[in-house]
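Notes for the one structure printed next.
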Amino acid sequence: MTTPQLPPWPEQLPACGPVVLRRFRDEDRDMVREMSADPYIPLIGTLPRDASDGEAQAYIDRQRGRLAEGTGFSFAIADAAAGRAVGGIGLWLTQLRHGRADAGYSVAPGARGHGFATAALRALTAFAWTIPELHRVELYIKPWNTGSVRTAERAGYAFEGLLRSHQEIGGQRRDMRLYSAVRDDSWTGSRPDGDERSKRIRAERPS
Ligand SMILES: CC(C)(COP(=O)(O)OP(=O)(O)OC[C@H]1O[C@@H](n2cnc3c(N)ncnc32)[C@H](O)[C@@H]1OP(=O)(O)O)[C@@H](O)C(=O)NCCC(=O)NCCS
């Protein structure tokens with residue numbers, strides 16, 4: 001089986017609601033440093049904890065090299081109105097020859113709770129379907145990670161099951177919840193009952 005060539009960087013940047021997905025820029029360093037102070041984000045990628053300016057720049061440089069090295073698309077999630085980066089999201093394509101990708105996302109702590117992750121995942125998934133060889137996008141989410149589970153559900157991903165002892169994170173074997181969106185199934189970028197459910201959760205949340 002031959003490995004398909006990765007598509008070029010999109011001329012029309014993926015966008016949805018309040019976000020646009022763009023290349024990382026040098027000026028995103030402060031946002032990257034903020035992400036590096038999060039207790040979880042440094043455990044799931046290559047960003048060192050409490051990154052220095054130089055380490056944040058090196059992280060940005062690595063993201064800008066992901067397509068050329070064949071790993072996939074690493075986008076900064078930017079506030080569409082202000083252009084300011086609020087996080088990062090990746091579409092990883094090392095399994096493209098099998099028609100599969102996986103995605104990962106993080107939002108800087110100060111920008112959470114505004115729907116940025118959900119909008120970014122919708123934009124990324126719509127972009128994924130512009131790649132003809134791609135039929136399935138997967139998310140691997142730790143069972144305790146309610147924010148990420150909700151993001152996946154709100155963006156129309158379906159829960160497929162619990163993968164026991166799936167990977168090592170922070171020196172320990174971890175179970176993962178597997179979510180997917182599949183081309184041609186019912187993916188519409190939202191749960192069929194998403195808005196109603198969301199209203200209910202908000203109503204139930206203590207203020
Ligand atoms: C998970 C994460 C990306 C969510 O980003 P965000 O921009 O705040 O998410 P959104 O605003 O789009 O919220 C999506 C849904 O999750 C809910 N949510 C977000 N954080 C939550 C939390 N900590 N607890 C409970 N629900 C949460 C929101 O209320 C929303 O649901 P609703 O629309 O039904 O009300 C962010 O918390 C993060 O970067 N965490 C650390 C990195 C990480 O866990 N990445 C995912 C790895 S799988």
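Taken together, the values in this text are just the output of simple stated rules run on the coordinates, not laboratory data. Just so we're clear, the structure is a prediction, and the values are computed from it rather than from any experiment. All Cβ positions, glycine included, derive from the backbone under ideal geometry; neighbour counts span all protein chains shown.
Here the chain is treated with +1 on each Lys and Arg Cβ and -1 on each Asp and Glu Cβ, and its dipole about the Cα centre works out to around 440 debye. Across the stretch 172-181, rounded Karplus estimates of 3J(HN,Hα) from the backbone phi angles (6.51 cos²θ - 1.76 cosθ + 1.60, θ = phi - 60°) give 10, 5, 10, 6, 9, 8, 9, 10, 8, 10 Hz, Gly and Pro being marked x. Projecting the Cα positions of His98, Ser180, Pro48 onto the charge dipole of the chain (unit charges on Cβ atoms of Lys, Arg, Asp and Glu, taken about the Cα centre) puts Ser180 furthest along the positive direction. A Cβ-based charge dipole, computed about the Cα centre of the stretch 37-153 with Lys and Arg at +1 and Asp and Glu at -1, lands at about 280 debye.
Can you pull the Rg over Rh of the stretch 53-124, Cα-only, Kirkwood? Don't jump to the answer; show the numbers that get you there.
Working: Rg = 13.1 Å, Rh = 13.1 Å.
For the stretch 53-124, the value is 1.00.
The amide H of Gln167, built 1.01 Å from its N in the peptide plane, has Arg174 as neighbours under 5 Å, considering only residues 5 or more places off or on other chains.
Dipole check for the stretch 1-70: with +1 at the C-beta of Lys and Arg, -1 at the C-beta of Asp and Glu, and the Cα centre as origin, the magnitude is about 260 Debye. Applying the Karplus relation 6.51 cos²θ - 1.76 cosθ + 1.60 with θ = phi - 60° to the stretch 31-47 yields 3J(HN,Hα) values of 5, 5, 5, 5, 5, 6, 8, 6, x, 9, 4, x, 7, 10, x, 9, 7 Hz, where x marks Gly and Pro.
Every Cα-Cα pair in the chain was counted, and those over 23 Å apart are 45% of them. When peptides 18-27, 63-72 are sorted by average Cβ neighbour count within 10 Å, with the highest value leading, the order is 18-27, 63-72. Considering only the Cα atoms of the stretch 1-67, their convex hull presents on average a projected area of 6.5 nm². Subtracting the Cα-Cα distance of Ile44 and Ser165 from their residue separation scaled by 0.36 nm leaves 42.0 nm.
Give me Rg over Rh for the stretch 84-146, both radii from the alpha carbons and Rh done the Kirkwood way, two decimal places. Write out the running numbers ahead of the final one.
Values: Rg = 12.8 Å, Rh = 12.7 Å.
Value, to two decimals: 1.01.
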